[in-house]
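The values are calculated or read from the model by the stated rules, or taken from the named source; none is laboratory data. Quantities reported herein were computed from a predicted structural model and do not represent experimental measurements. Here the Cβ positions follow ideal geometry from the backbone for every residue, glycine too, while neighbour counts run over all protein chains shown. Surface areas here come from the heavy atoms of the whole protein model, side chains and all, with no ligands, DNA or RNA. Shrake-Rupley method; radii C 1.70, N 1.55, O 1.52, S 1.80 Å.
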Amino acid sequence: GQKVVLITGCSSGIGLGIAVMLARDEMKRYYVIATMRDLKRKDKLVEAAGDAYGRTLSLLTLDVCSDESVKRLQLQPEFICVFVVNNAGVGLVGPIEALSLDDMKQVFETNFYGAVRMIKEVMPDMKRRRSGHIVVISSVLGLHGVAFNDVYSASKFATEGLCEGLALQLLTFNVFVSMIEPGPVNTEFEIKLMADVSKKEFIGADAETLHHFRNCYLPTQVNLFQSLGQTPEDIAKVTKKVIESPCPPFRNLTNPLYTPIVALKYADESRSLSIHTFYHMLYNLGGVMDVSVRLVKYLTPGWLRRRTISPV
Ligand code: NAD
């Protein structure tokens, strides 16, 4: 029969992309429960889903930051989830001395505790049934730190740590855990962050740090999204491939250009190599593309193929 997939944060971006791709599966293998905080924001999803809406896609309200909202889910027995995609997430950029602890806690509340809350809700039943698959939309920033994204990155590292522990515990229950690790993806995520940055004064940061942030980091970031940015559909394709795999891989990069950057960490135990590479990228000593392209050329294509799932 149809497999039920519950997805969080579906009003935009990657969540919307995954919901639509699965609901429009040609063989109708999936029944998608697309959730979002506010159903008033459903129009984009409903439009993109077309005639799948009401057939293989239904909507529910869900705020991953609220215990009550997650408890209220109380899925009917026919809606036993086979897959749960934890996608809801928020970003935060800027020098940490100019960011409030409340803002930082909100990032953890959504990205980390939001995933924990959902997993706590669905996992016991998956264990009882000895079947299920928990998918978490992490990020390459769950694998390496990037300047001025320190707290966001920490929230994704935390999620990766959580899931790495769970993945091995759940194997005996035939329940799988997978992380999807996109690089830059062109969604509202980046637009919201940039709008936020243009409003903030970042009081508390010194002039030199602010200069690095505004004149080195921000332009590099814009360039990165323009040159390497993927689409939500790219991420949806990788996610679909992962949930369709008989033995789902735990870590899944979506952008092959990031494979060598991530590999740098493992190539050098002290980690200085990756820190210095990022330093060069940030202060544009070689240019982002330059460094990536050089790294890609350096590592053989065969090695790349073995290490990534390339979008089909
Ligand atoms: P997005 O802003 O379009 O989507 C995030 C969604 O999460 C939004 O619809 C938002 O309303 C929702 N959300 C936020 N807080 C929520 C809450 N408390 N409860 C329910 N929903 C909530 O951005 P996106 O790029 O599609 O981001 C999706 C995921 O992908 C996030 O976890 C993000 O960290 C991750 N990611 C994004 C990028 C990127 O470059 N865009 C890269 C790597 C990973």
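The lysines within cross-link reach of LYS28, meaning a Cα-to-Cα straight distance under 29 Å and a gap of 8 or more places when in the same chain, are LYS3, LYS40, LYS42, LYS44, LYS71, LYS120, LYS127, LYS237, LYS240, LYS241. Annotation: extensible slack from ARG271 through VAL116 equals 52.9 nm (criterion: 0.36 nm per residue apart, minus Cα-Cα distance). By the rule of a C-alpha distance below 16 Å, with chain neighbours fewer than 8 residues away ignored, the aspartates and glutamates paired with LYS200 are GLU97, ASP102, ASP103, GLU190.
Taking a ≥ b ≥ c as the square roots of the Cα gyration tensor eigenvalues, with a/c under 1.5 meaning rounded and otherwise prolate when a/b beats b/c, else oblate, which class fits segment 23-131? It is oblate, given that a/c is not under 1.5 and a/b is not larger than b/c. Dividing the helix sum by the residues of the chain, where each DSSP H run of 4 or more adds -39500 (n - 2.57), gives a mean residue ellipticity at 222 nm of -14000 deg cm²/dmol.
Label-to-label distance, GLU201 versus GLN226, with points set 7 angstrom from Cα along the beta-carbon direction: 3.0 nm.
Between LEU168 and GLU208, full extension at 0.36 nm per residue minus the direct alpha carbon distance yields a gain of 9.9 nm. Any chance you could check the Cα centroid distance between segment 1-54 and segment 120-147 for me, in angstrom? For segment 1-54 versus segment 120-147, the Cα centre distance is 19 Å. Entry comment: accessible area of the chain is 49 Å² per residue, from protein heavy atoms only and a probe of 1.4 Å.
Contact order, relative form, for the chain: 17 percent (alpha carbon pairs under 8 Å, 6 or more residues apart, mean separation divided by residue count). Could you list the residues of segment 1-23 with an amide nitrogen less than 11 Å from a label point located 7 Å from the Cα of GLU244 in the Cα-to-C-beta direction? Once the point is set 7 Å along Cα→Cβ of GLU244, 22 turn out to lie under 11 Å by backbone N, inside segment 1-23.
Highest mean first, how do 128-135, 37-44 rank when packing is the count of other Cβ atoms within 10 Å averaged over residues?
On the way: 128-135: 17.8, 37-44: 13.1.
Averaged packing, sorted descending, gives the order 128-135, 37-44.
Rolling a 1.4 Å probe over the protein heavy atoms of segment 3-255, with every protein chain left in place, gives an accessible area that is 55 percent carbon and sulfur.
Per 0.36 nm of contour for each residue apart, how much would the distance between PHE79 and GLU188 grow if the chain were fully extended, relative to their Cα-Cα spacing?
Numbers: separation 109, 0.36 × 109 = 39.24 nm, distance 2.99 nm.
Residue separation times 0.36 nm, minus the Cα-Cα distance, leaves 36.3 nm.
Scalar couplings 3J(HN,Hα) for segment 206-218, obtained by applying the Karplus form with A = 6.51, B = -1.76, C = 1.60 to θ = phi - 60°, are 6, 4, 5, 4, 5, 4, 4, 5, 7, 9, 10, 5, 4 Hz; x denotes Gly and Pro. Kindly state, to the nearest 0.05, the FRET efficiency for ARG29 paired with SER66, given R0 = 25 Å and r defined as their beta-carbon distance. After rounding to 0.05, the efficiency reads 0.20.
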